[in-house]
Amino acid sequence: MFSKGHASPLPYTLSKAAGVISDAQLMSLRQFGNPLEGHPIPVLPWVDVATGSLVQGLPIGIGIGLGEEYLDKLPYRIWVLLGDSEMAEGSVWEAFELTGNYKLESLIAIVDVNWLGQRGQTM
C-alpha cells in the first residue's frame, strides 16, 4: 500500500525498471489523461486502491491484512509506506491501535522521515 501517493514517481520508476510500463508512459508522467498523471489509481492493473489523500494507506492496508489473515488464511505481507507528516494525524495512531488489537502480524509499516510537511518541517 502506498499511502503517500504524491511520491508516485518512485513506484512508476520501479515499474519501468521491472518492464511493466514503457519509456513513453514514464516520460508522460503527470500529463493530463495519462494513467500516470498523478497519484496511483486503479486504472493501472497493479493498483488496487487510489492513494490520493494522506492517512488513507494504513487503514486500507489494515483492511486488506485483516481480510487476508482472517478470511483467506494465507501468509501475506502488506507493506505500507507512510510519510512522516501524516504520522501526526490521530487516525494513523487509531489505525495502529487496531492493528495491535487484532495482532495483525502481516502488516509492515515503513515511515519515510524526510522532515518535510505541508507547512514546514515535521516534528
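Could you list, in sequence order, all residues of segment 72-123 that are closer than 21 Å to VAL47 by Cβ, exposed (fewer than 14 other Cβ atoms within 10 Å of the Cβ) and among the hydroxyl-bearing types (Ser, Thr, Tyr)?
Once the filter is applied, which keeps residues that are closer than 21 Å to VAL47 by Cβ, exposed (fewer than 14 other Cβ atoms within 10 Å of the Cβ) and among the hydroxyl-bearing types (Ser, Thr, Tyr), segment 72-123 yields only TYR76.
Taking segment 36-92 as the range and being within 14 Å of SER8 (Cβ to Cβ), free of Cβ contacts under 8 Å to residues at least 60 places away in the same chain and of a type in the set (A, V, I, L, M) as the test, the residues that pass are LEU36, ILE41, VAL43, LEU44, VAL47, VAL49, ALA50, LEU54.
Name the single residue that is farthest from VAL80 (Cα to Cα) among those in segment 1-36 being basic (Lys, Arg) and in a loop (DSSP other than H, G, I, E, B).
ARG30
Got at least one residue in segment 69-88 being closer than 17 Å to HIS39 by Cβ, part of a helix (DSSP H, G or I) and of a type outside the set (Lys, Arg)? The answer is yes; a qualifying residue exists.
To keep it simple, each residue is scored yes or no on (1) within 13 Å of LYS4 (Cα to Cα); (2) modelled with pLDDT of 85 or more; (3) not hydroxyl-bearing (Ser, Thr, Tyr).
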| residue | (1), (2), (3) |
| --- | --- |
| VAL20 | no, yes, yes |
| VAL47 | no, no, yes |
| LEU58 | yes, yes, yes |
| GLY67 | no, yes, yes |
| ARG77 | no, yes, yes |
| SER91 | no, yes, no |
| ASN114 | yes, no, yes |
| ARG119 | no, no, yes |
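Residues considered: SER15, SER22. Of these, the only one that is touching a residue at least 24 places away in the same chain (Cβ under 8 Å) and either surrounded by 16 or more Cβ atoms within 10 Å (Cβ to Cβ) or out of contact with any strand residue (DSSP E or B) (no Cβ under 8 Å at 6 or more places or on another chain) (or both) is SER15. Summed over segment 93-112, the residues that are assigned to a helix (DSSP H, G or I) and either in contact (Cβ under 8 Å) with a residue 12 or more places away in the chain or acidic (Asp, Glu) (or both) give a count of 6.
The values are calculated or read from the model by the stated rules, or taken from the named source; none is laboratory data. Bear in mind that the values here come from a model prediction, so they are computed numbers and not experimental data. Cβ sites come from the backbone with ideal geometry, for glycine too, and all protein chains shown count toward neighbours.
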